[in-house]
Amino acid sequence: MDALMNQRRLRGSRWIRDLVREIHLSETRLIQPLFAAEGIRSREAVPGLPGVHRETKDSILTQIDSDLEKGVRKFILFGVPSSKQEDSFSHAFTSSVISGIKERFGSDLFLFVDVCLCSHTSSGHCGVLNEEGDHLENDASVKELARAALEYAEAGADGVAPSDMMDGRVRAIRETLAEADLDRVVLMSYAAKFHSRFYGPFRVAADSAPAKGASPVKLKDRATYQIDPAAPADALASALRDREEGADLLMVKPGLPYLDMLVHLRQALPDAPLAAYEVSGEYAAIEALAEKNLIDAPRAHLECWTALHRAGAGAILTYGARFARDWIKKSEEYT
Ligand code: PBG
């Protein structure tokens, strides 16, 4: 063996591996999603996502208390109102959850709030449907989204995160916030958000499957607004546009199947903070393998987070944020 060709020398012990490692996992880089559902008596487990619940306005505070103890400080809230409409949406429930959280925890945490209409609409779509029910009206949707973002910011949200994929929503939200003197609110855009099959468990938690319910609409899925997985140029253009329109952080979603998009974005926008969302279906896939004793779930999650960081994500949204510190500590016990 040629001594100069020896790559294994630097893999020889955990101490030397510590020194050559380029990624250091930490719960400080993670954002924990939270669901608050109106009209439920007690919290409900979300199928496929162990340790994740649809919380009540009160139980969410207990959950956050325990999360803070685990070192989690960043959250993204999904509010799920009980009544569904096609217009005149009310953001009162989500706003009251936000103010409840901020009254209790103040600046001990950073609270993003997801801005979308899919949990509000009877169709389950992310915007306002036209009368024929065959497409989403862009400008009417953007108007509603900006109104929601303003209400959330007024209720105390530290950041807003539009996930609807309408055109021009980042600019509209930025302008609306500026007019209300809410310039300090951070805007994290779901910029490269793909039309993915990996959102299944989330849609149960958020009661937001498209074309659900008794009166199914003509528009069956989200293909006319979310990005085609086969169109990376669209994702790049959308992200550049969102940055121009005033987004502070750009998100790629889902995570693992779209690592290449993180790399492209990092190259195109070296200065832009990037985030990646390990979405519900990705997370649940690992948990489902673990249930069959085919995988070590904690270490598999750590491996995926490492990959997301490696590809360029500074921040990661994951349902496992609240377990991260324990998992990372445990992984240090391995040789
Ligand atoms: C809403 C939204 C979705 C997710 C976040 N915001 C689902 C969708 O677009 O249907 C998915 C998150 C996850 O799967 O964990 N627009």
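No value in this document is a laboratory result; all are computed from the given coordinates. Everything numeric in this text was worked out from a predicted model, so none of it was measured. Here the Cβ positions follow ideal geometry from the backbone for every residue, glycine too, while neighbour counts run over all protein chains shown.
Things worth noting here:
- Cα-based Rg and Dmax for segment 143-202, where Dmax is the largest Cα-Cα distance (Å): 12.4, 39
- Cα-Cα over 27 Å, subset of K84/K143; K74/K329; K74/K292; K57/K292: K74/K292; K57/K292
- Set of lysines near K253 by C-alpha distance (under 17 Å), chain-local residues within fewer than 8 positions excluded: K193
- √(5λ) per eigenvalue of the Cα gyration tensor, segment 154-240, largest first, Å: 26, 18, 12
- Alpha-carbon Rg/Rh ratio, for segment 256-335, with Rh computed the Kirkwood way: 1.01
- For the peptides 116-127, 91-102, 316-327, residues were scored by their other Cβ atoms within 10 Å and the scores averaged per peptide; the highest-first order is 116-127, 316-327, 91-102.
- Between the listed residues H195, L250, A276, the Cα displaced farthest toward the positive end of the dipole of segment 169-320, a dipole computed from Cβ unit charges relative to the Cα centre, is found at H195.
- Electrostatic dipole magnitude of the chain [Cβ: Lys, Arg +1; Asp, Glu -1; Cα centre; debye, to 20]: 1300
- The chain, relative contact order in percent, only Cα pairs under 8 angstrom and at least six apart counted: 19
- I295-D58 pseudo-label distance in nm [points 7 Å out on the Cα-to-Cβ vector]: 3.8
- When restricted to Cα atoms, segment 141-286 yields an Rg and a Dmax of 15.5, 47 Å, respectively.
- Residue-span extension gain [A3 to S66] - 0.36 nm each, minus C-alpha spacing: 17.6 nm
- Entry for the chain at q = 0.10, 0.12, 0.14, 0.16 Å⁻¹: log10 I(q)/I(0) = -0.58, -0.83, -1.14, -1.50, Debye formula applied to identical alpha-carbon scatterers, no solvent contribution.
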